[in-house]
Amino acid sequence: LKRVERPAPNDEDVAFIRQRGVFTTHTPVPAGHDRFPMSDVSRVLEPHGLKLLQGLGIATDVLNMTHLALHLAGYVNGVSLRHGEVSQELFAPHPIDAITNGVHPKTWVCHQFAELYDRYVPQWKGDSFLLREVMERAASVEEALAIIQNTPRTCEYYYVVSDKTGAMCGLHCLPDKMEVLHPGQQHPLLPEVPEDAVFVSAGIRAETLSRRLRENYGRIDAAQLMEIIKRPVAMESNLHDAILAPETLEMWFADAGRTTPACDEPYTHVKLDELLKFYEAAMATSPDGPVRQIGSN
């Protein structure tokens with residue numbers, strides 16, 4: 001490291017770093033967290049840097065880099081719900097959220113494996129952008145169905161598709177076929193489906209959803225639907241809930257809390273058309289355009 005002359009860091013510097021810093025913790029075992037003797041650290045840092053570490057209360061005989069990141073980050077997350085819980089136990093004083101990791105196969109897979117997949121699983125690239133293709137190109141349910149039907153698929157998945165006219169359908173997709181469920185269509189694997197409704201579920205979740213929909217039929221709005229989809233309709237691993245009104249482009253969403261499922265958390269209300277306009281304007285001004293709250297809780 002090249003030493004440079006600069007004023008000693010102060011509380012404003014720390015606040016600035018915390019405002020812009022995000023830290024993702026990973027391995028939940030001691031060996032996964034780098035530690036350096038302070039004798040080594042003192043050879044790298046200027047005296048005011050050592051003083052700052054001491055002011056943070058993390059410089060004893062050893063500098064733990066995870067503790068440093070936890071103290072200087074404005075937001076900390078684990079890489080799955082369970083990992084977030086374990087990390088919270090390891091680093092109790094620091095609030096730790098959870099964001100489940102994901103990968104983008106076409107970007108992450110090395111070319112040797114890509115060639116192998118191309119040879120034996122030729123559809124493997126298809127799913128990554130399927131929903132994005134639908135959202136960007138389809139103006140109706142019919143166009144969405146055509147895109148999904150003609151796009152290579154690699155796995156079994158279920159979708160519910162709707163548009164601003166109120167048209168909708170449910171989909172059971174496999175790599176080699178696609179089953180379409182129309183509003184009110186009954187299916188031998190599902191309990192009674194109310195008129196002008198589609199849903200995809202199973203077991204007690206499906207039975208409860210069917211009953212609640214029929215009990216509230218004709219008077220279901222967003223607020224009522226939030227109650228309808230509470231457990232046991234919501235899964236045990238209920239991380240996210242979203243309610244979309246295609247006709248008005250309004251959306252209500254909730255994320256799980258530390259110990260509560262998403263269905264029991266407050267919902268945030270946004271208007272997607274306003275959100276898109278805001279980000280278009282922000283990005284036109286600066287790639288790091290301003291952030292503000294849109295919508296209401």
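The numbers here are math on the coordinates, done by the rules we state, and not lab data. These numbers were taken from a predicted model, which means no experiment stands behind them. Ideal geometry is used to build each Cβ from the backbone, glycine not excepted, and the neighbour counts take in all protein chains shown.
Odds and ends about this structure:
- Among GLY218, THR260, ALA197 the positive-end extreme of the charge dipole of region 166-261 (Cβ point charges): THR260
- In loop segments of region 129-208 as defined by DSSP, the trypsin sites (Lys or Arg not before Pro) with at most 10 further C-beta atoms inside 10 Å of their C-beta are LYS177.
- Cα point-scatterer Debye curve for region 20-121, base-10 log of I(q)/I(0) at q = 0.10, 0.15 Å⁻¹: -0.43, -0.74
- Within region 219-277, the ratio Rg/Rh, alpha carbon atoms throughout and Rh by Kirkwood, equals 1.01.
- Anchor LYS230: lysines whose Cα lies under 27 Å away (excluding residues fewer than 8 positions away in-chain): LYS164, LYS271
- Note on the chain: dipole from Cβ charges, positive end direction compared against TYR157, VAL29, VAL86; the farthest Cα belongs to VAL29.
- Modelled spin labels at ASP13 and ARG132, positioned 7 Å past Cα toward Cβ, are 3.9 nm from each other.
- Dividing the summed -39500 (n - 2.57) terms of all DSSP H runs of n ≥ 4 by the residue count of the chain sets its mean residue ellipticity at 222 nm at -10500 deg cm²/dmol.
- Taking all pairs of distinct alpha-carbon atoms in the chain, Kirkwood radius in angstrom: 23.7
- Calculated FRET value between ASP40 and HIS111, using beta carbons and R₀ = 35 Å, to 0.05: 0.35
- Using the Cβ-Cβ distance between GLN149 and LEU225 with R0 set to 22 Å, the FRET efficiency works out to roughly 0.15.
- Using alpha-carbon coordinates, inclination of helix 203-215 to the longest axis of the chain, degrees: 60
- 21 Å tail of the calculated P(r), region 116-241, as % of Cα pairs: 48
- For VAL62, the amide hydrogen comes within under 5 Å of the amide hydrogens of MET38, counting only partners 5 or more places away or on other chains and with H modelled in the peptide plane.
- You can think of it this way: the chain between ARG20 and ARG258 has 83.4 nm of extra reach, that is 0.36 nm per residue less the Cα-Cα gap.
- Point-charge dipole on Cβ atoms (K/R +1, D/E -1) for the chain, about Cα centre, debye to 20: 700
- Between the helical axis of 81-90 and the longest alpha-carbon principal axis of the chain there is an angle of about 20 degrees.
- Here the Karplus curve 6.51 cos²θ - 1.76 cosθ + 1.60, taken at θ = phi - 60°, turns the phi angles of region 166-173 into couplings of x, 5, 7, 6, x, 10, 10, 9 Hz, with x standing for Gly and Pro.
- Radius, Kirkwood style, for region 12-76 when every pair of distinct Cα atoms is counted (Å): 12.5
- Kirkwood Rh in Å, taken over region 73-137 so that all alpha-carbon pairs contribute: 14.8
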